[in-house]
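**Q** Mind having a look at this structure? Questions to follow.
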Amino acid sequence: MKIKLVLSALFLVGFQNFYAQETPVQTTTIMGTTVDSTMVATPAQIEKQRLEEKKQLEEQLKNDKKALKEQEKIAKNKKRAEDKLKKEQRQVEKQQKKLDKEQKKFEKEQKKIASAEKSLAKNQKKLEKAQKDLQKYQGKFDKDRSKGKLSPVELEKANLKITKQQLKVREIEEDIQDAQKKVSKLR
């Protein structure tokens, strides 16, 4: 019977251990470190933990300051690069405007030269025509005078006509000289 009692006691102890509930150990996390509730912290340990936390906070603050300085430095460099780029763009635009202005000035001068040359050619044609007319009038006058057909009034009219034509030729020659001066001045 003793054996039965010992065996049943062992059976019951085993049964009790099998169905027994575990009591969880309470753990708390403080600043990244876990502390079991079973561990009892002494004031020296608490002070040591506070110092470690303070050092971590100071180091984190230093790292944050460094990161902030780096970000400011990057932002400043970026702004400098943007300002430099804007300045270069303004210079390029300024040079482009200057080139456009010079090109327009050159085109305007070319138009003036072309106009002056056209005027010169026109005056030369006028001169040729006026000289032909003068020769024609003189030839006709000489022919009629040699035949003796002209009366004194007709003679004066013919002389007047020839004189007007000579004056016209001189005016055209002056216009040609002015046009030549203008062309040479523009070139």
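The values are calculated or read from the model by the stated rules, or taken from the named source; none is laboratory data. The structure displayed is predicted, hence computed values, not measured ones. Cβ atoms come from the backbone with ideal geometry, glycine included; neighbour counts cover every protein chain shown. SASA here: full protein model, heavy atoms, side chains in, ligands and nucleic acids out. Shrake-Rupley method; radii C 1.70, N 1.55, O 1.52, S 1.80 Å.
**Q** Among the lysines, select those whose C-alpha is under 30 Å from the C-alpha of LYS69, and discard any that sit fewer than 8 residues away in the same chain.
**A** Those lysines meeting the cut-off are LYS54, LYS55, LYS78, LYS79, LYS84, LYS86, LYS87.
**Q** Going from the alpha-carbon gyration tensor of segment 105-187, what semi-axes, largest first and in whole Å, does one get by taking the root of 5 times each eigenvalue?
**A** Numbers: eigenvalues 313, 19, 10 Å².
Square roots of five times the eigenvalues give 40, 10, 7 Å.
**Q** Which length gain, in nm to one decimal place, applies between LYS65 and LEU186 when the Cα-Cα distance is subtracted from 0.36 nm times their residue separation?
**A** Details: separation 121, 0.36 × 121 = 43.56 nm, distance 6.97 nm.
36.6 nm is the gain from fully extending LYS65 to LEU186.
**Q** Would you mind checking the radius of gyration and Dmax of the chain based on alpha-carbon positions, in Å?
**A** 59.2, 192
**Q** Ok, one more. If you roll a 1.4 angstrom probe over the protein chains with everything in place, what fraction of the accessible area of the chain belongs to carbon and sulfur, to the nearest %?
**A** Working: 9620 of 17630 Å².
Ligands and nucleic acids excluded, carbon and sulfur give 55 percent.
**Q** For the cross-link pairs LYS108/LYS181; LYS125/LYS164; LYS118/LYS157, which exceed 27 Å when the distance is taken from alpha carbon to alpha carbon? Provide the component values of the computation, followed by the final result.
**A** Values: LYS108/LYS181 18 Å; LYS125/LYS164 18 Å; LYS118/LYS157 35 Å.
Cα-Cα > 27 Å for LYS118/LYS157; rest within.
**Q** Next question. Can you give the accessible area per residue of the chain, in Å², using a 1.4 Å probe? Present the calculation step by step, with values, prior to reporting the outcome.
**A** On the way: 17630 Å² over 187 residues.
Ligands and nucleic acids excluded, the result is 94 Å² per residue.
**Q** Could I ask something else about it? Would you mind working out the magnitude of the charge dipole of the chain relative to its Cα centre, with +1 at each Lys and Arg C-beta and -1 at each Asp and Glu C-beta, to the nearest 20 Debye? Can you show the working numbers first?
**A** On the way: 49 positive and 30 negative charges, 461 e Å.
Approximately 2220 debye in magnitude.
**Q** Given R₀ = 22 Å, what would the calculated FRET efficiency be for GLN135 paired with LEU160, taking r from the Cβ atoms and rounding to 0.05? Write down the numbers at each step before the final one.
**A** On the way: r = 17 Å, r/R0 = 0.78.
Efficiency, from the Cβ-Cβ distance: 0.80.
**Q** For a protection proxy built on the mean count of beta-carbon atoms within 10 angstrom, sort 8-16, 150-158 highest first, please.
**A** Packing proxy ranking, top to bottom: 150-158, 8-16.
**Q** Have a look at VAL169, ALA81, GLN96 and report the one farthest towards the positive end of the charge dipole of the chain, computed about the Cα centre with Cβ charges (Lys/Arg +1, Asp/Glu -1).
**A** After comparing all options, I get VAL169.
**Q** On full extension of the chain, what length is gained from GLN45 through ALA121, given 0.36 nm per residue of separation minus the C-alpha to C-alpha distance? Don't jump to the answer; show the numbers that get you there.
**A** Working: separation 76, 0.36 × 76 = 27.36 nm, distance 11.21 nm.
Stretched fully, the GLN45-ALA121 segment lengthens by 16.1 nm.
**Q** Moving to a separate point now. How large is Rg/Rh for segment 84-153, to two decimals, with Cα atoms and a Kirkwood Rh?
**A** Values: Rg = 29.1 Å, Rh = 17.5 Å.
Reported Rg/Rh (Cα atoms, Kirkwood Rh): 1.67.
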